[in-house]
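The values are calculated or read from the model by the stated rules, or taken from the named source; none is laboratory data. What you are looking at is a predicted structure, and each value in this text was computed from that prediction instead of being measured. Every residue, glycine as well, gets a Cβ built from its backbone with ideal geometry; the counts of neighbours run over all protein chains shown. Remember, those area values only see protein heavy atoms, side chains included, never the ligands or the DNA or RNA. Shrake-Rupley method; radii C 1.70, N 1.55, O 1.52, S 1.80 Å.
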Amino acid sequence: MEIDSEDKTLEEELDDEENNNNDNGDQLQNPKPQNPKLRSDSDSDSDSEDESQQNQELKTLETELSSNPSNYDSHTQYIKLLRKMGEIDKLKQAREAMNNVFPLSPDMWRDWAKDEASISGPEGFAGVEKIYDRGVFDYLSVSLWCDYLNYIQEHDPSVRECSPDGISKARNLFERALTAAGLHVAEGNKIWELYREFEQVVLHTIDENDIKAKELQVQRIRNIFHRQLSVPLVNLRSTLLAYKAWEVEQGIDLDAKSSEVDGIPSHLASAYQKAMEAYNARAQHEEQISMQNISDTEKFQNFMNYLKFEKSVGDPARVQVLYERALADFPISSDLWLDYTRYLDRTLKVGNVLRDVYSRATKNCPWIGELWVQYMLSLERGRAPEKEISSVFEKSLQCIFSTIEEYLDLFLTRVHGLRRRIECGGEVNGVLDFALIRETFQHASDYLSPHLKNTDGLLQLYAYWGRLEMNLGKDLVAARRVWESLLKISGSMLEAWQGFIAMETESGHISEARSIYKRCYSKRFPGTGSEDICHSWLRFEEEFGTLEDFDHAIQKVTPRLEELKLYRIQQETKASTDQSEVSGKKIAREKRKGGSTASDKESPAKRQKQTAQTQKKGYEDKDQLQKYEVNEAQEAKIDLEKTDSAPDEKQMKGSDVVRTKGYTDQCTVFISNIHFKANSEDIRKFFSDVGGVASIRILHDRNTGKSRGLAYVDFVDDEHLAAAITKNKQMLFGKRLSIARSDPKQNRRDGRRVPREQAFASDRRRHNWESASKEYVDTHNASGSQEAPQTATLKSDDNIQFKGKNIFAVPRNVRTLGLSANKSKTVEEGHEKPKSNDEFRKMFIKE
């Protein structure tokens, strides 16, 4: 039976089990019960089965948590099972392990405190007190605060005996509780009442002869009443009546039964009236967030509306309490935590409070990079020691974020903070030095370079690194080494070369800058980058070089510019020619469509038959047939290039995929697992270090027009294609691309052209088969098995043969009906003609 935390503690439950066992023992010793031995065996078997099942479940949960410590449900089930089994030592360890990863709910903290109190007794008071203190930190819970306060009053000897130290300790704890939850409109009055009751107990312990001490204590209780009556809380009228009754006990002449403000001090009456008005203004919002039969979305929106109202009133403390109430109901809402922390950064700006809130925020939503960034900034504003900031940074790198850019922001934030503190000399005893910045940059490079290759983010990181090496580290050699490292990773980025040149130029190293121009002016860059770097070199020599240097640059650059100009002219001419051919083909197709009205009335099957016969008669000559196919391929290629450059609405519905059916270029790769947001320019940048991209064709859904995550990329020659295939399994927008050569020969069967959709399916099956085969061979070799692997029958999908007058589809490995078994091999080899429909009908009629 599972322990009910509201009714029984762990010790009480264990005592009950012991008493039950003693009762069973008494029954076994008494000869009167019927078949005591039989009953004992039955109970023993049942207990043994339950224990075995619990142990098995316990092992399963321990295995799960050892492999995945971030599984919240497994943690809760593990703790629940340990409480049920009474495993005290494991239970404590399990709770600590869960709290290292997740914040615990108020109920879990309450159960923990009660279990610890029941097990340890008075000697464990300090441990239980610490558990309560940790519990009220995670979430706002008035009930947990009340349990904490009651426990201190009952079990702390100094508080129970009302010693001066005990009274001071209790008052400090009550004030903490009021700061945390005293403004809670619906439940804050519970803490105020406990506070008054405690002070009333203190009053009764004062000696009757000590008039001055009694007057001071009475005034203390009166002040608590006055403070409570000035706060908009539920049941304010009842509090006013309680106050009047108390004043009557102190000898003040008041109408204790009247809920009006008559007889009370004017300043208290005014504060009470304002509090009542404030409560009435919030009553509707309180009712909305307390509704039970509404969805979480509606309740969340009600909280946001309430927060908007409180912000308009302008009391930061009340806004903070409302945020805490909302987070208790929606603890993993990242938007709510971000909104809360931003509000505190703008308004409160109290170092300790912000630090605590950010600590809880990152524990509840560790996957939000912005929370970690703001956490480190908050620590820096609060002048936290380097050890604490470094610890937070290391924790953040262990989290899993949705984008690689979030990791980049973390590294840059860390470097910014180190730079600022080193420049200001803020760290004591010179603990901070530039080596820590260099170490952070190197860590970022190792971590991010594989994912940010040829991106502005990586350029930003390295440019910042090189600049700090020059300006803060005063190490020119190290700065050059940083830029050289970037060029090895992203040498096809024009900006990387320009940044390196700018650093050398700004530092006055003209010869070094000139040598960099000589290294890169002949490289191929995307767009007009090749021309830009040539012109940049000429301007550089005009501004910094001698006449000989300028003439030498002209001598180098001029042939390169002429080569690039010729290439551009060829590209423009080709584009113009292709456009004219496309127009001619379209006109021809429209003319052919004009004479097809008569054939439209025929059935699809008959029209297909006539079309096949016409093509067969018209292209009996093999050379003519090949020429026709090549023309069709060129036409499809031109249409696709146009689709890539300016797709219209019809093309976006998938027509570009259909027109690829005649494409026969050999230098093509097929790419899958492309991010749906990636476009042709993104893919071109991905292959910019390879170069030689002739055209890119992204496949789109013909109904929605959205990308299907698949593409064909044509290269100018085999050398560039081979280099492109080496980029297989590299990342683009966080997804690992699958790149393989697309073989057009696989798209021809028996000399007939296959539609591109079917060819695409064949390509994709071939990619999957190659991956599966490699995985099988690796596994087979690793296992050391000597058995030969079974051959997959993939050809049954790829090489379907269309034969016969009515186009019968004959699978390769199926024996044709009407043939004997000894002829099956001949049929599989394709030496015997399949029977037509007419022949089958004659066979059945004869029978």
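Just name the residue that is farthest from Lys685 (Cα to Cα) out of those in the range 710-744 that are of a type in the set (Ser, Thr, Tyr) and either in contact (Cβ under 8 Å) with a residue 40 or more places away in the chain or surrounded by 15 or more Cβ atoms within 10 Å (Cβ to Cβ) (or both). Ranking the candidates gives Ser742 first. The residue list Gly430, Gly425, Gly417 contains one member that is at pLDDT 90 or above, farther than 22 Å from Ser485 by Cβ and of a type outside the set (Asp, Glu), which is Gly417.
A residue that is among the charged types (D, E, K, R) and closer than 26 Å to His184 by Cβ occurs nowhere in the range 260-272. Would you confirm whether any residue within the range 517-536 is closer than 20 Å to Arg684 by Cβ, polar (S, T, N, Q) and out of contact with any Pro (no Cβ under 9 Å at 6 or more places or on another chain)? Scanning the range 517-536 turns up at least one residue that is closer than 20 Å to Arg684 by Cβ, polar (S, T, N, Q) and out of contact with any Pro (no Cβ under 9 Å at 6 or more places or on another chain). Within the range 59-85, residues that are closer than 12 Å to Ala97 by Cβ reach partners that are open to solvent by 40 Å² or more (accessible area, probe 1.4 Å) and among the acidic types (Asp, Glu) with beta carbons closer than 9 Å, at six or more positions or on different chains, in the pairs Asn71/Glu64; Ser74/Glu64; Tyr78/Glu62; Tyr78/Glu64. Of the numbered criteria (1) in contact with an Asp or Glu (Cβ under 9 Å, 6 or more places away or on another chain); (2) open to solvent by 70 Å² or more (accessible area, probe 1.4 Å), the one Lys518 fails is (1). Only one entry in Asn172, Asn189 is open to solvent by 70 Å² or more (accessible area, probe 1.4 Å), among the polar types (S, T, N, Q), out of contact with any Asp or Glu (no Cβ under 6 Å at 6 or more places or on another chain) and in a helix (DSSP H, G or I), namely Asn172. For the range 428-456, filtered to residues that are surrounded by fewer than 17 Cβ atoms within 10 Å (Cβ to Cβ) and touching a residue at least 40 places away in the same chain (Cβ under 8 Å), the residue that is nearest to the chain's Cα centre (by Cα) is Tyr447. Filter the range 195-206 down to the residues that are aliphatic (A, V, I, L, M) and open to solvent by less than 30 Å² (accessible area, probe 1.4 Å), then identify the one that is farthest from the chain's Cα centre (by Cα). Across the range 195-206, the extreme among qualifying residues is Leu203. Pairs meeting the criteria (first residue in the range 499-524 and without any contact (Cβ under 8 Å) to a residue 24 or more places away in the chain, second residue buried (at least 16 other Cβ atoms within 10 Å of the Cβ) and hydroxyl-bearing (Ser, Thr, Tyr), beta carbons under 7 Å, at least 6 apart or on different chains) are lacking. Can you find, within the range 97-131, the residue that is nearest to Glu51 (Cα to Cα) among those that are among the polar types (S, T, N, Q) and either surrounded by 16 or more Cβ atoms within 10 Å (Cβ to Cβ) or touching a residue at least 24 places away in the same chain (Cβ under 8 Å) (or both)? Of everything passing the filter in the range 97-131, Ser118 is nearest to Glu51 (Cα to Cα). Only residues that are within 22 Å of Tyr72 (Cα to Cα), in contact with a Ser or Thr (Cβ under 9 Å, 6 or more places away or on another chain) and buried (at least 18 other Cβ atoms within 10 Å of the Cβ) were counted in the range 319-346, giving 4. Scanning the range 64-96 for residues that are open to solvent by 20 Å² or more (accessible area, probe 1.4 Å) and within 15 Å of Asp107 (Cα to Cα) turns up Thr76, Gln77, Lys80, Arg83. The residues of the range 679-692 that are assigned to a loop (DSSP other than H, G, I, E, B) and either in contact with a strand residue (DSSP E or B) (Cβ under 6 Å, 6 or more places away or on another chain) or among the hydroxyl-bearing types (Ser, Thr, Tyr) (or both), listed by number, are Phe687, Ser688, Gly692.
Yes/no matrix, rows are residues, columns are (1) in a helix (DSSP H, G or I); (2) out of contact with any helix residue (DSSP H, G or I) (no Cβ under 6 Å at 6 or more places or on another chain):
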| position | (1), (2) |
| --- | --- |
| Lys212 | yes, yes |
| Gln217 | yes, no |
| Ile221 | yes, no |
| Lys257 | no, yes |
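Say whether the condition of being under 29 Å from Leu432 (Cβ atoms), among the charged types (D, E, K, R) and at pLDDT below 95 is met by at least one residue in the range 480-495. No, there is no match, as no residue in the range 480-495 is under 29 Å from Leu432 (Cβ atoms), among the charged types (D, E, K, R) and at pLDDT below 95.
Within the set Ile191, Ile167, the sole residue that is within 47 Å of the chain's Cα centre (by Cα) and either farther than 30 Å from Ile88 by Cβ or aromatic (Phe, Trp, Tyr) (or both) turns out to be Ile191.
Going through the range 235-259 one residue at a time, which ones are under 21 Å from Lys190 (Cβ atoms) and in contact with an Asp or Glu (Cβ under 8 Å, 6 or more places away or on another chain)?
Lys244
Do you know which residues across the range 395-415 are part of a helix (DSSP H, G or I), open to solvent by less than 60 Å² (accessible area, probe 1.4 Å) and of a type outside the set (Gly, Ala, Ser)?
Scanning the range 395-415 gives Leu397, Ile404, Glu406, Tyr407, Leu408, Leu410, Phe411, Leu412, Thr413, Arg414, Val415.
Does Cys162 count as in a loop (DSSP other than H, G, I, E, B) and either in contact (Cβ under 8 Å) with a residue 12 or more places away in the chain or among the β-branched types (Val, Ile, Thr) (or both)? Criteria met by Cys162. So which residues in the range 540-554 are free of Cβ contacts under 8 Å to residues at least 12 places away in the same chain and part of a helix (DSSP H, G or I), if there are any at all? Hits for the range 540-554 are Glu542, Glu543, Leu547, Glu548, Asp551, His552. Evaluate the following for Phe670: is it of a type outside the set (S, T, N, Q), over 16 Å from Ala722 (Cα atoms) and at pLDDT 50 or above? So Phe670 does not fit the description; no.
Checked against the criterion of being free of Cβ contacts under 8 Å to residues at least 60 places away in the same chain, open to solvent by less than 20 Å² (accessible area, probe 1.4 Å) and in a helix (DSSP H, G or I), the candidates Leu178, Leu233 yield just one match: Leu178.
In the range 212-220, the condition of being exposed (fewer than 14 other Cβ atoms within 10 Å of the Cβ), β-branched (Val, Ile, Thr) and over 20 Å from Val321 (Cβ atoms) is met by no residue.
Using the structure shown, decide if Ile224 is hydrophobic (A, V, I, L, M, F, W, C), surrounded by fewer than 18 Cβ atoms within 10 Å (Cβ to Cβ) and out of contact with any Asp or Glu (no Cβ under 6 Å at 6 or more places or on another chain).
Values: hydrophobic (A, V, I, L, M, F, W, C): yes; surrounded by fewer than 18 Cβ atoms within 10 Å (Cβ to Cβ): no; out of contact with any Asp or Glu (no Cβ under 6 Å at 6 or more places or on another chain): yes.
In short, no.
Can you pull out the residues in the range 486-539 that are within 35 Å of the chain's Cα centre (by Cα), among the polar types (S, T, N, Q) and in a loop (DSSP other than H, G, I, E, B)? Ser490, Ser492 - these are the residues of the range 486-539 that are within 35 Å of the chain's Cα centre (by Cα), among the polar types (S, T, N, Q) and in a loop (DSSP other than H, G, I, E, B).
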